[in-house]
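Chemist: Just dropping this structure here.
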Amino acid sequence: MYIDSHCHINFPELAARMPEILAKMAENKVDKALCVSVNLPEFPSVLALAEQYPHIYASVGVHPDYEDTPEPSVEELVRLADHPKIVAIGETGLDYYRLEGDLEWQRERFRTHIRASRETRKPLIIHTRSASADTIRILQEEGAAVDKGGVAGVMHCFTETLEVAQAAIEMGFYISFSGIVTFKSAKDLQAVAKALPLERILIETDSPYLAPVPYRGKMNEPGYVAHVAEYIATLKDVSLREVAERTTDNFHQLFKVPRG
């Protein structure tokens, strides 16, 4: 009924509880999850989960916050993405909040991922924080948009403005909301979620981080994505079933994952 479009269940704190994590997914009707890569040294653990469990999928990429880590090339990303359970490139993007100084290396890494996405025809998973203008600009310059020959992707754990969301949607991107949208303090983000069409929305946990209400402050896990769906249904005054079905359809359409 639900799909967690972004999680990190290979991280040690979740990997150590895998039987429990999978059981909670089943209990809460979370049919699939996308385990997202953050660096190349840990990519084998991401792929291993996708190979072991039919309902777990994976991406390949290097997060913009990882400064001291092997730098990917387009060729390496293309090679690693050549696997039926690797459905996306990322997570990639820009983060000017956590890192300071000359971040040209971050922008070059981002361009590398976009080029790999265009070559593999696999969508991008975008992380952007305090860098929305440069994120949109580089996506446009590198031809990530569907009408420029790209395959677009998803703006994950979205926390930016409606204008940024609309600019991404114009390029063919989806907008994914995490547990942040359930926080009382997230009024601006809730307004964005309310304004966007369900046809362009995904849901995620970003676990083990950002657990939704009523689990805020605790370790997050894919089974909790149902609470994100419930909140969005209330926010948009639509049925929970409609949110579940629409976001599930969107996931399948974007990542070309088989149904069932």
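The values are calculated or read from the model by the stated rules, or taken from the named source; none is laboratory data. Keep in mind the model is a prediction, meaning the values are calculated, not measured. Cβ placement follows ideal geometry from the backbone for every residue including glycine, while neighbour counts extend to all protein chains displayed. For accessibility, only protein heavy atoms count, side chains too; no ligands or nucleic acids. Shrake-Rupley method; radii C 1.70, N 1.55, O 1.52, S 1.80 Å.
Chemist: Starting from the stretch 9-34, keep only residues that are free of Cβ contacts under 8 Å to residues at least 60 places away in the same chain and closer than 15 Å to Leu47 by Cα, then list their pairs with residues that are open to solvent by less than 60 Å² (accessible area, probe 1.4 Å) and of a type in the set (S, T, N, Q) whose Cβ atoms are within a distance under 8 Å, requiring at least 6 positions of separation or different chains.
Modeler: Correct list of pairs: Asn10/Ser45; Ala15/Ser45.
Matching residues to (1) of a type in the set (Lys, Arg); (2) touching a residue at least 60 places away in the same chain (Cβ under 8 Å); (3) over 21 Å from Arg129 (Cβ atoms); (4) in contact with a Cys (Cβ under 6 Å, 6 or more places away or on another chain):
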| residue | (1), (2), (3), (4) |
| --- | --- |
| Gly172 | no, no, yes, no |
| Ile180 | no, no, no, no |
| Lys187 | yes, no, no, no |
| Ala193 | no, no, no, no |
| Glu199 | no, no, yes, no |
| Glu204 | no, yes, no, no |
| Ala211 | no, no, no, no |
| Pro214 | no, no, yes, no |
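Chemist: Output the residue which, of all residues in the stretch 85-132 that are charged (D, E, K, R) and assigned to a strand (DSSP E or B), is surrounded by the most Cβ atoms within 10 Å (Cβ to Cβ).
Modeler: Step one: list which residues in the stretch 85-132 are charged (D, E, K, R), which gives 85, 91, 95, 98, 100, 102, 104, 107-109, 111, 115, 118-119, 121-122, 129.
Checking the rest, the ones that are also assigned to a strand (DSSP E or B) come to 91, 95, 129.
Values: Glu91: 27, Asp95: 17, Arg129: 18.
Checked the stretch 85-132; the qualifying residue surrounded by the most Cβ atoms within 10 Å (Cβ to Cβ) is Glu91.
Chemist: With respect to Gly217, determine if the residue is open to solvent by 60 Å² or more (accessible area, probe 1.4 Å) and not in a helix (DSSP H, G or I). Working first, answer last.
Modeler: Working: open to solvent by 60 Å² or more (accessible area, probe 1.4 Å): yes; not in a helix (DSSP H, G or I): yes.
Taking the combined requirement at face value, the residue satisfies it.
Chemist: If I ask for residues that are among the small types (Gly, Ala, Ser) and within 17 Å of the chain's Cα centre (by Cα), which ones from the stretch 81-115 would you list? Walk me through it before giving the result.
Modeler: We begin by selecting, within the stretch 81-115, every residue among the small types (Gly, Ala, Ser); these are 81, 88, 90, 93, 101.
The answer is Ala81, Ala88, Gly90, Gly93.
Chemist: Does Glu170 fit the bill of being open to solvent by less than 50 Å² (accessible area, probe 1.4 Å) and of a type in the set (D, E, K, R)? Walk me through it before giving the result.
Modeler: Working: open to solvent by less than 50 Å² (accessible area, probe 1.4 Å): no; of a type in the set (D, E, K, R): yes.
When the stated conditions are applied, Glu170 does not pass them.
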